[in-house]
Amino acid sequence: MMMSRPLLVFFTNKLLLTKSINKTVQLNKFNHIEECPQFYTATILEWKKLLKPEKYKMIIIESLQYLVQEKRVIIYGYVIMDNHIHLIWNPTKLYSLKHTQLSFMKFTA
């Protein structure tokens, strides 16, 4: 039996850029928390392994691609595991963080 591995995608060039910006820019420059990259986790109820099939992971990926294409969010990296996902993202000024999260969860539910 082959075990399912987490799908890991990490865009190091943007993350390194973010790290270098954070080192040189003081934190008080940010007027609102939505101006900073956010770490987001979504967990499946009772930790059920609903994302084990690749076709369900692709739904998550396609949803993230849509959000990027529509300029709703900047994605720095993500991990999709069998029972939860982690994202490092930043909503654009066009949409609030709350709106982006609701849109993403509504589509992928």
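Just so you know, all these numbers are worked out from the coordinates, no wet-lab data involved. It should be emphasised that the depicted structure is a prediction, and the values quoted were computed from it without experimental measurement. Please note: Cβ atoms are built from the backbone with ideal geometry, for glycine as well, and neighbour counts cover all protein chains shown.
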Next item on the list: For GLN65 and LYS52, calculate 0.36 nm times their separation in residues minus their Cα-Cα distance, and state this gained length in nm to one decimal.
Entry: 2.7 nm
Checklist line | Around SER103: net Lys/Arg minus Asp/Glu count, Cβ-Cβ under 10 Å | finding: +2
